[in-house]
Structures are given as C-alpha cells and as structure tokens.
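No value in this document is a laboratory result; all are computed from the given coordinates. Computed from a predicted structure; not experimentally measured. Backbone-built Cβ (ideal geometry, glycine too); neighbour counts: all protein chains shown.
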Amino acid sequence: MVIGIKRVWDPREDSDGSRWLVSRRWPPGVASDSLAMIGWIRELAPDRKLEKLMRRSWQQFDQQYRAGLPGLERHWEPIVRQARLGRVTLLYTTKDRDHNHARLLADFLTSQI
C-alpha cells in the first residue's frame, strides 16, 4: 500500500515516506520536530460531533466520515499528489489502531490515486 497509517507515538522509520499529521489537536507530549512530517491537515480529522459518533457507532461514523471526504478535496489533494510519487504515512492520535479515521482516510485516498 502506498498510503500507510501510524500512531504519532510509534517510532519513525525510513520506510514511512512522507508523513502527514491528520489530527485536530496537537498530540500531547510530542515535540513538533520529532514527527518529521510534511504537513498537518486538521481539516481531515473528524470534528467533535463525529468523534462522539465514532465512540457510539463505528458503522455510522464510517459512513458519515467517508461521505464528507469528497468535499474536502482541497485538503487531501496534496497527500494524493505526494502518494503518486512514493510512500505516505498518515499520523493519528487515537488509541484504537483498528477503529480510527486515519484508516478510513488511507482507504479513501488510495482510491483517489
């Protein structure tokens, strides 16, 4: 896969390629220079309403989050352009490695390449 995901606290690796933070808030306890990221795109993270929905119903969150992504093209297009050149890693801050917006976003962006 050209677009991968990783928690911000996971170790950085050369194989990550270009790294993009897709979180609304800055991760606690993380120095800005330690992430070695290309950019921080807050707009691709779920808003508070969607965050609450994610905790209540993953299926509904999945549907609503994906439905909103086409309207955010100006925010995700730089990531797609970068992915066409090589590996991209989306950095996220949620604890759950299986149920998080970065996984959905990576799937969506991969379909745009």
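Some points to look at:
- Residue (of GLY86, PRO70, GLY39) at the positive-pole extreme of the chain, dipole from beta-carbon charges: PRO70
- Residues TYR92, TYR65, arranged from fewest to most other Cβ atoms within 10 angstrom of their Cβ, appear as TYR65, TYR92.
- GluC sites (Glu not before Pro) lying in DSSP loop within region 1-65, provided at most 15 other Cβ fall within 10 Å: GLU13
- Distance between the modelled labels on LEU85 and GLU51, one decimal in nanometres: 3.2 nm (7 Å Cα→Cβ projection).
- Choice from ASP96, ASP62, ASP14 with maximal GNM fluctuation in the chain (Cα, 10 Å cutoff): ASP14
- Full-stretch length increase - GLN64, THR110 - with 0.36 nm per residue and alpha-carbon distance subtracted: 14.7 nm
- Remark: relative contact order (region 3-112) = 44 percent; criterion is Cα-Cα distance under 8 angstrom and separation of 6 or more residues.
- When you filter the trypsin sites (Lys or Arg not before Pro) in region 1-110 for DSSP loop state and at most 11 other Cβ atoms inside 10 Å of their Cβ, you are left with ARG25, LYS95.
- The phi torsions of region 92-97, fed into the Karplus equation with coefficients 6.51, -1.76 and 1.60 and a -60° offset, translate into couplings of 9, 10, 6, 6, 6, 7 Hz, rounded to whole numbers, with Gly and Pro shown as x.
- Taking each DSSP H run with n ≥ 4 as -39500 (n - 2.57) and averaging over every residue of the chain yields -12000 deg cm²/dmol at 222 nm.
- Dipole in debye (nearest 20) - the chain, about Cα centre, beta carbon charges: Lys, Arg +1; Asp, Glu -1: 340
- Of all lysines in the structure, the ones whose alpha carbon falls short of 17 Å from that of LYS95, not counting any fewer than 8 places away in one chain, are LYS6, LYS52.
- Full-stretch length increase - ALA31, ASP96 - with 0.36 nm per residue and alpha-carbon distance subtracted: 21.2 nm
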